[in-house]
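One structure below.
The values are calculated or read from the model by the stated rules, or taken from the named source; none is laboratory data. For clarity, every value in this text was computed on a predicted model and none was experimentally measured. A quick note on method: Cβ atoms are made from the backbone with ideal geometry, for glycine too, and the neighbour counts reach across all protein chains shown.
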Amino acid sequence: MFLIVAKYLIPKGFRGLTVFPFVFVKYPEDKQNIILVNHERIHLRQQLELLILPFFMWYLVEYLVRLVQYRNANLAYRNISFEREAYGKENDFEHLKNRSFLDFLKYLYKK
């Protein structure tokens, strides 16, 4: 993982962005934010599992489906299965050690 500060690459309202093998953060202090870094590491694992390009295709399609479903961009983003896993487990620093393959699939449907 390469952790890079890239203030102008990160969209407004976000602090991090992951494109394997890079994790971009908005501010230098974000490199020390262990919760943010863990969240982005979860995305790295998801991208590896789906061989990167399919991850981004799935991400976009699921976002569009959620946008139709919720009619709200933030709710659509928050309910993408990849984001639900990352936000749900960002405080669990053992998650990547114990995570099963394609674990994000558990988050496709609301429980």
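Scan the range 15-62 for residues that are surrounded by 17 or more Cβ atoms within 10 Å (Cβ to Cβ) and in a helix (DSSP H, G or I) and report the count.
Matching residues across the range 15-62 total 16.
Against the conditions (1) part of a loop (DSSP other than H, G, I, E, B); (2) modelled with pLDDT of 95 or more, where does Lys12 fall short? Just the number, please.
Result: Lys12 fails condition (2) only.
Within the range 1-25, how many residues are under 12 Å from the mean Cα position of the chain (by Cα) and either charged (D, E, K, R) or at positive phi (or both)?
Summing the residues that are under 12 Å from the mean Cα position of the chain (by Cα) and either charged (D, E, K, R) or at positive phi (or both) in the range 1-25 gives 1.
Out of the residues in the range 93-105 that are in contact (Cβ under 8 Å) with a residue 24 or more places away in the chain and over 11 Å from the mean Cα position of the chain (by Cα), which is surrounded by the fewest Cβ atoms within 10 Å (Cβ to Cβ)? I'd like the intermediate steps shown before the answer.
Taking the range 93-105 and keeping what is in contact (Cβ under 8 Å) with a residue 24 or more places away in the chain, we get 93, 95-96, 99, 101-102, 104-105.
From what is left, the residues that are over 11 Å from the mean Cα position of the chain (by Cα) are 93, 95-96, 99, 101-102, 105.
Numbers: Phe93: 12, His95: 18, Leu96: 14, Arg99: 17, Phe101: 7, Leu102: 10, Leu105: 11.
Out of the qualifying residues, it is Phe101.
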